[in-house]
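The values are calculated or read from the model by the stated rules, or taken from the named source; none is laboratory data. All figures in this text were calculated on a predicted structure; none of them were measured in a lab. Here the Cβ is made from the backbone with ideal geometry for all residues, glycine too, and neighbour counts use every protein chain on show.
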Amino acid sequence: MIKRTKRKHTSAFTLVELLVVIAIIGILIGLLLPGVQAAREAARKMSCSNNLKQIGLAIHMYNDVHRRLPPAVLGIQDGVANGRAVYKPGLTPWVSILPFLEQDSLFEQFDFNEDASSPFNEEASRKTPTVYLCPSMSLPTVTEDSLGYSSYAVSTGTMKYRDQMHDGAFVDAMNVFRSSRVFFGKIPDAESWMSWISVDDIAGADGTSNTLLVGEFGSQLQDESLGSFPWPGSGGESFGQWTASYPYNSTATVFGKFNARRVAPFDTASFESFRGPHAGGVEVAISDGGVRFLTDSVDAFVLRQLAARNDGTVIEKDPW
């Protein structure tokens, strides 16, 4: 008798079945990925909003202590004119409010008699506090040749920074660029001095709920296909710097195109525009401590009213 052994029959995917399974997995990943990315961006946007909330609170605490807002640019005395001190550009409001953001040790590393690029301040300038960085914003690596980048700017109002009398929440109260206002802005010398601004001044004019305080100041590309123009960036891209007080670094206006992420080379007005990395608009902090998301479709007239602290306008919330 010959014994026959039964062969064990193992089941396995055929090539066709395997390809079908792979295709189904790919489809599921394709369906899930946008949702995951959207959830991550929503979390990053919430973190950005929280940063602005903390910054707004710190500015109010600074005001409570000093009875005024920090100037748009800190000054280093460089002379006297008409019996008043004249200054050259120093550090920024972001450095001024560090103690109110629990950054006392970093604050103490700065020499306020020097500017950001001074050897005395370079090392500290590279240490951007996390609260000044939006997690949705991609930034270049800080090197020994660069200062620390940032994602936000204080609002100086509706006109270009250097040549005008600021009508925003922050002003050049140390009159660092007074000569520029006289020469380029054609403002009479006797009228070219700016005074300190406080939260009470804003409340007594338009009201704190109607005045922009701080906003996003994300990266900006220069359209080099249309030519080139000197600006505060390299390789066709510009970023804010939290300790550099020169315009286009730590201050912003609504004079140019709102949320201008790409600009023509000679559109200098938009070099200092509020812009952010979030789709559809820009996160901003209002002077009453609230945070809002201004969409790209915000009415230009309403935007100017929001940036000006003293135009006497109460803004209805519906348009913005």
note = Within region 118-167, of all residues that are small (G, A, S) and under 17 Å from R275 (Cα atoms), the one surrounded by the fewest Cβ atoms within 10 Å (Cβ to Cβ) is S138
ask   = Tally time: how many residues in region 118-132 are in a loop (DSSP other than H, G, I, E, B) and within 20 Å of P70 (Cα to Cα)?
value = 3
query = When you scan region 168-182, how many residues do you find that are outside any loop (DSSP other than H, G, I, E, B) and either closer than 26 Å to H278 by Cβ or out of contact with any helix residue (DSSP H, G or I) (no Cβ under 8 Å at 6 or more places or on another chain) (or both)?
reply = 4
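Name every residue in region 126-157 that is polar (S, T, N, Q), farther than 30 Å from A39 by Cβ and either modelled with pLDDT of 95 or more or under 13 Å from the mean Cα position of the chain (by Cα) (or both), in order of residue number. Before you say what the answer is, go through the steps one by one.
Residues of region 126-157 polar (S, T, N, Q): 128, 130, 136, 138, 141, 143, 146, 150-151, 155-156.
Subset that is farther than 30 Å from A39 by Cβ: 143, 146, 155-156.
Scanning region 126-157 gives S155, T156.
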note = The lone condition V298 fails out of (1) crowded, with 19+ Cβ neighbours inside 10 Å; (2) touching an Asp or Glu at 6+ places or on another chain (Cβ under 9 Å); (3) part of a loop (DSSP other than H, G, I, E, B) is (2)
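Taking region 68-92 as the region of interest, how many residues are assigned to a loop (DSSP other than H, G, I, E, B) and among the basic types (K, R)? Give the steps one after another, and end with the answer.
First pass over region 68-92, keeping only residues assigned to a loop (DSSP other than H, G, I, E, B): 68-74, 82-83, 90-92.
Retained after the next criterion (residues that are among the basic types (K, R)): 68.
Matching residues across region 68-92 total 1.
Quick check on this structure: which one of S136, S118 is among the hydroxyl-bearing types (S, T, Y) and in contact with a helix residue (DSSP H, G or I) (Cβ under 6 Å, 6 or more places away or on another chain)? If you could, list the steps in order and put the result at the bottom.
Working: S118 fails: in contact with a helix residue (DSSP H, G or I) (Cβ under 6 Å, 6 or more places away or on another chain).
So the residue among S136, S118 that is among the hydroxyl-bearing types (S, T, Y) and in contact with a helix residue (DSSP H, G or I) (Cβ under 6 Å, 6 or more places away or on another chain) is S136.
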